[in-house]
Amino acid sequence: MPHIATDDGVRLWVEETGQGTPIVFVHEFAGDHRSWEAQVRFFSRRHRCVTFAARGYPPSDVPADWERYSQARAVEDIRSVMDGAGIDRAHVVGLSMGGFATLHFGLTHPGRALSLTIAGCGLGAEKAFTETFRAEARATADRILRDGMAKVAETYAETAARVQFQAKDPRGWLEAKRQLAEHSAEGSANTMRGVQARRPSLYDLEDKLKAMTVPALIVCGDEDDHTLQPGIYLKRVLPASGLLVVPKTGHLINLEEPTLFNRAVADFIAQVEAGRWPRRDPRAVSSQVMGGR
């Protein structure tokens, strides 16, 4: 490190801090490895924290062919980071695009995940919006290549589920917007086409989700409209999951509410490591309304 090589020859930038049980952080589309700074500073007191820049996000490599970007590839990149860092099992924490990758990592490599924190996951998953989301992802890719990242960042940072961050923490929001403007246009467009526009709907994975028993914490902001229903759905189908809805919060939960997010994830990890995050009691899965017989 700081670079590790994936099995298809892409070099990923990896940073690690601290000692203890590993936590691997997986960033969102508009973020990168720097987006987890508030979490690394908190968790590295007790954990080995690993962050990385996804393929397409410098200082990681930017493959020119968008076919080299996919949901499955994002999963295997997490595995490559863990392999390159010599980590057998880790708690995996992801936001948005990283939340999808984290969830799929649990489905694909359940033996490598101590736990999954799946935050802000669900954009485009709702069947009524899937095709619209995919079309918008492809159109955004075109706009990025036409107008450049700096111009796209100006509008992307003020979308409906990001203005909450702007209102709460103007300096933090400006920093996140500046970092987005620094991203590779080619890498971001390829990520939009290869990952965002092609990932399967969560609702098509129900049988696999019901069979996955990795402990999971699902986190949603209550003003992030298109992750709320998918979050409730994931709570219902993942056997060993809990759901946290953060009030007056949009999409960037770990940046908007870092103290709340850190403490919730820390408590979750502590319960998992103590063996106190069980699967849902079968008696709690019922069609009863008032509980009478």
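The values are calculated or read from the model by the stated rules, or taken from the named source; none is laboratory data. Please read these numbers as outputs of a predicted model, since none were measured by experiment. Heads up, the Cβs are rebuilt from the backbone with ideal geometry, glycines too, and the neighbour counts pull from every protein chain shown.
Residue check: residue 129 meets all listed conditions (1) of a type in the set (Phe, Trp, Tyr); (2) modelled with pLDDT of 95 or more; (3) touching a helix residue (DSSP H, G or I) at 6+ places or on another chain (Cβ under 7 Å) but one, namely (2). Residue 7 meets all of the listed conditions (1) surrounded by fewer than 16 Cβ atoms within 10 Å (Cβ to Cβ); (2) closer than 25 Å to residue 122 by Cβ but one, namely (2). Residues in the range 160-204 that are of a type in the set (A, V, I, L, M) and buried (at least 17 other Cβ atoms within 10 Å of the Cβ): 161, 176, 180, 185, 189, 192, 195, 197, 202. Number of residues in the range 18-36 that are crowded, with 16+ Cβ neighbours inside 10 Å and either free of Cβ contacts under 8 Å to residues at least 60 places away in the same chain or assigned to a strand (DSSP E or B) (or both): the value is 7.
Would a scan of the range 259-282 turn up a residue that is farther than 19 Å from residue 97 by Cβ, modelled with pLDDT under 95 and part of a helix (DSSP H, G or I)? Yes, the range 259-282 has at least one match.
To keep it simple, each residue is scored yes or no on (1) within 27 Å of residue 150 (Cβ to Cβ); (2) without any contact (Cβ under 8 Å) to a residue 60 or more places away in the chain; (3) part of a helix (DSSP H, G or I).
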| position | (1), (2), (3) |
| --- | --- |
| 188 | yes, no, yes |
| 191 | yes, no, yes |
| 195 | yes, no, yes |
| 198 | yes, no, no |
| 207 | no, yes, yes |
| 213 | no, no, no |
| 218 | no, no, no |
| 226 | yes, no, yes |
| 231 | no, no, yes |
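Within the range 109-116, the presence of a residue that is part of a loop (DSSP other than H, G, I, E, B) and at positive phi is excluded. Taking the stated definitions as given, is residue 62 buried (at least 17 other Cβ atoms within 10 Å of the Cβ), more than 30 Å from residue 276 (Cβ to Cβ) and β-branched (Val, Ile, Thr)? Judged against the criteria, residue 62 is a match.
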